[in-house]
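See below for the structure under consideration.
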Amino acid sequence: VRADLAAGTTRAIAELGSRVYGTTTFDATSLLVAVADGRVLRVGTDGMSMGDFATLAGPVTSLVRDPFLGVVYVSFADGTVSALGLDGTVTGTLAPAGRPGRVAYSPDGALYYLRTGFAAGVTVERIELPASL
């Protein structure tokens, strides 16, 4: 949905046909949306374009894009984090041990991995990013 806050209106920009597991901005005119069947779609905010960006092997818990390098980080239900290049291919894998969580990018050049869970509580792990993937 595209929201016009000044006018107080919304407009649908895409019908995905599948449950959404994660989203992130890709550029000034598009979003990346991870859906239940393992695809990551690139959806134009103008409502005129949508296409496959990547197909992933496991259930996604979150997506985030490094605004400086363009790398997309994807967290999976098994607790791993993979990096995707601008063409959607996996360029590397980071492996925080333990349970599922969500990734957040920090302008200090690191990822933060928020491990979730009611019984175990929430922990935050700082992941130093490699110089290249």
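The values are calculated or read from the model by the stated rules, or taken from the named source; none is laboratory data. Because the structure is predicted, anything quoted here is derived from the model rather than measured. No Cβ is skipped: glycine too gets one built from the backbone with ideal geometry, and neighbour counts run over all protein chains shown.
Within the stretch 85-106, identify whether any single residue is in contact with a Gly (Cβ under 9 Å, 6 or more places away or on another chain), of a type in the set (Phe, Trp, Tyr) and without any contact (Cβ under 8 Å) to a residue 60 or more places away in the chain, and answer yes or no.
So far as the stretch 85-106 goes, no, none of its residues is in contact with a Gly (Cβ under 9 Å, 6 or more places away or on another chain), of a type in the set (Phe, Trp, Tyr) and without any contact (Cβ under 8 Å) to a residue 60 or more places away in the chain.
Would you tally the residues in the stretch 26-50 being at negative phi and not in a strand (DSSP E or B)? Quick ask: steps written out before the conclusion?
Keep residues of the stretch 26-50 that are at negative phi, which gives 26-37, 39-46, 48-50.
Subsequent filtering for residues that are not in a strand (DSSP E or B) retains 28-29, 36-37, 45-46, 48-49.
Going through the stretch 26-50 one residue at a time, the tally reaches 8.
Under the condition of being in a strand (DSSP E or B) and free of Cβ contacts under 8 Å to residues at least 40 places away in the same chain, which residue from the stretch 4-25 is farthest from the chain's Cα centre (by Cα)? Give the steps one after another, and end with the answer.
Step one: list which residues in the stretch 4-25 are in a strand (DSSP E or B), which gives 4, 9-11, 20-25.
In the following step, the residues that additionally are free of Cβ contacts under 8 Å to residues at least 40 places away in the same chain were identified as 4, 9-11, 20.
Numbers: Asp4: 24, Thr9: 26, Thr10: 23, Arg11: 23, Val20: 11 Å.
Out of the qualifying residues, it is Thr9.
Could you list, in sequence order, all residues of the stretch 62-91 that are part of a strand (DSSP E or B) and under 18 Å from Ser106 (Cα atoms)?
Of the residues in the stretch 62-91, the ones part of a strand (DSSP E or B) are 62-65, 72-76, 81-84, 90-91.
Ser62, Leu63, Val64, Arg65, Val72, Tyr73, Val74, Ser75, Val81, Ser82, Ala83, Leu84, listed by residue number.
Quick one: which of Val72, Val60, Val90 is closer than 15 Å to Tyr112 by Cα and either loosely packed, with under 14 Cβ neighbours inside 10 Å or not small (Gly, Ala, Ser) (or both)? Explain how you work it out, then say what you get.
Working: Val60 fails: closer than 15 Å to Tyr112 by Cα; Val90 fails: closer than 15 Å to Tyr112 by Cα.
Just one listed residue meets the conditions, Val72.
Scan the stretch 47-87 for residues that are more than 14 Å from the chain's Cα centre (by Cα) and more than 24 Å from Arg19 (Cβ to Cβ) and report the count.
So the count comes out to 3.
Considering only residues of the stretch 4-42 that are among the basic types (Lys, Arg) and either farther than 11 Å from Phe53 by Cβ or loosely packed, with under 10 Cβ neighbours inside 10 Å (or both), which is modelled with the highest pLDDT? Give the steps one after another, and end with the answer.
Taking the stretch 4-42 and keeping what is among the basic types (Lys, Arg), we get 11, 19, 39, 42.
Filter again for either farther than 11 Å from Phe53 by Cβ or loosely packed, with under 10 Cβ neighbours inside 10 Å (or both), leaving 11, 19.
Details: Arg11: 87, Arg19: 92.
Applying the filter and picking the extreme gives Arg19.
Taking the stretch 49-103 on its own, how many of its residues are of a type in the set (Phe, Trp, Tyr) and modelled with pLDDT under 90?
Our first condition is that a residue be of a type in the set (Phe, Trp, Tyr); within the stretch 49-103, this holds for 53, 68, 73, 76.
Those still in the list that are modelled with pLDDT under 90 too: 68.
Final tally of qualifying residues: 1.
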